Amino acid sequence: MPEEFPLLAAPLIITAIAVLAALCGVWLSSVHAIARRMVPFGGGILMGVALLWVLPEMAAFWNWPVAFAWVAGGFALLWIVDRYIHPVCPSCSHTHEHEHEHCDTELHGFGPPLLIAAGLHAALDGWSVVAADGSATLGGAFVLAVAIHKIPEGIALGVIARAALESRKSALFWSVAAELMTLAGAGLEIVLAPYLGETILHVLLALAGGAFIYLGGHAVHGEWRRRGVGAAMLPAATGIAGLSFLRLMKWIE
């Protein structure tokens, strides 16, 4: 079905970014310090997309109270999962000492749950990006936000997988396998979208927007605790300002 290939273009790009980042995380321990500095910027991008792009789009489809309710539901759902089930994003949730590039002790038993959570997270990214591609306003912003967030996330996944698994080869294989779930999520959305209807797709996008706010805020808060308010808020504000400018340009059009 040739018409489906353009829908997979964005997930393919995002998957390639995530895989390359994970490979860097496994092989180049020094890149993790750089990735850490990108986390609050990526968090600002995620929050900016959710508040300036997703929320207005949902309000145009329903109304503002309903849009706020669904986005808040996505935030609450991810908070419950992250707090009571498993950390949902290794780049902004994991606080073990193995995040740091100079730690040499293995994370015994942490590999399987980490990789399962990362795979599910990647699948949801793929689903959300393809779903947003059907919107005239959301597609590009969604892709940008997810792509930027995938860089520190992928590097962190590689670093933690290397510490948790028995060999670099295993860490490489399973990190790549987890990130390839982005394509599985995208394919699932393409198959199921015709049967879900416009309302359900908007519900899923609103939930994704709430998840973006949670992930972005969690990333900024984590950096705030580690390095102080300036190190967290300046790059986050830069990310939000960039999205604000793009949103303004879209409104002017």
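Karplus-derived 3J(HN,Hα) values for the stretch 148-163, using 6.51 cos²θ - 1.76 cosθ + 1.60 with θ = phi - 60°, are 5, 5, 5, 5, x, 4, x, 5, 4, 4, x, 4, 5, 4, 5, 6 Hz; glycine and proline are entered as x. Rg/Rh for the stretch 183-232: what does it come to with C-alpha atoms and Rh from Kirkwood? Ratio value, two decimals: 1.26. Residue ranking by accessible heavy-atom surface, 1.4 Å probe, largest first, among PHE68, PHE75, PHE212 comes out as PHE68, PHE75, PHE212.
Its residues counted as N, the stretch 146-220 yields a C-alpha radius of gyration over 2.2 N^0.38 Å of 1.39. State log₁₀ I(q)/I(0) for the stretch 163-206 at q = 0.23, 0.26, 0.29 Å⁻¹ as given by the Debye formula over alpha-carbon point scatterers of equal weight, solvent excluded. Listed by q, the Debye log ratios stand at -0.77, -0.88, -0.98. Here the 3J(HN,Hα) profile of the stretch 219-229, calculated from phi with Karplus coefficients 6.51, -1.76 and 1.60 at θ = phi - 60°, is 5, 5, 5, x, 5, 4, 5, 7, 10, x, 5 Hz, Gly and Pro shown as x.
The values are calculated or read from the model by the stated rules, or taken from the named source; none is laboratory data. Source: prediction; values computed, not measured. Only protein heavy atoms, including side chains, enter the accessible area calculation; ligands, DNA and RNA are left aside. Shrake-Rupley method; radii C 1.70, N 1.55, O 1.52, S 1.80 Å.
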